[in-house]
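Bear in mind that the values in this text are calculations on the coordinates, not laboratory data. From a predicted model like this one, the values you see are computed outputs, not experimental measurements. Neighbour counts run over all protein chains shown; Cβ positions are idealised from the backbone, glycine included.
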């Protein structure tokens, strides 16, 4: 288990560890980074204790909250805006402390694999690392399964029925989003847009309203990732990181090395599960491979 500040009880540490053992974030990032992401940036430890009026234990982890089987919800000191649309009735009085979806259980482990990445941190200053961001955004289908096939997602706006809540606007009035990938064994991708090359900025602007809907976000990110992955597969050697080889010691990721990384994964098999905020303006995609 990673070292976590003493104001988090042993039960909370165990609950987070149990969640990460079977969840997307726990399989996507090194365990210590995933725990830090959940505990410090979503639950917001160590940022003091809850108010006396709070009705729930601080840092509570709830497996399979109502109406969302397979998800994990956590209580947090930050009232994230907008409140997670998957767990709360928009007409209901918000609970205290706020609860947000923090992760989902990886379905059918063994037939489904999460593409491993390293956690991107925008600043060297450790204080910056502790700044709250927003809860992860998950793309949930109408049958309440998590994840949309990447190629299907590239036309999400013309088929809004593929998402449970296509009109949700998790990024408010943001017009652009920085999409960062750092696949295990590859160079970090956050480069600026160049003519003919996939850049890091994704345009979220749309003509039917000031806020980008979930279907717009899904489609924009999917089109961007499709172009980026095709470029990385086409120019594979130039994207490899010799300082962090594909066979780097990461438990549970032998499959990634066996396939040779992205070169052994077809676009048809890639599923876009969600987005993890790593700074106020940047996200990392959660990707899985099915089959």
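Can you give the extra length, in nm with one decimal, that the chain gains between residue 145 and residue 176 once fully stretched, where that is 0.36 nm per residue apart less the Cα-Cα distance?
Between residue 145 and residue 176, full extension yields an extra 8.4 nm.
Under a plain spin-label model, where a point goes 7 Å from the Cα along Cα-to-Cβ, how far apart in nm are residue 266 and residue 201?
Result for the modelled spin labels: 3.6 nm.
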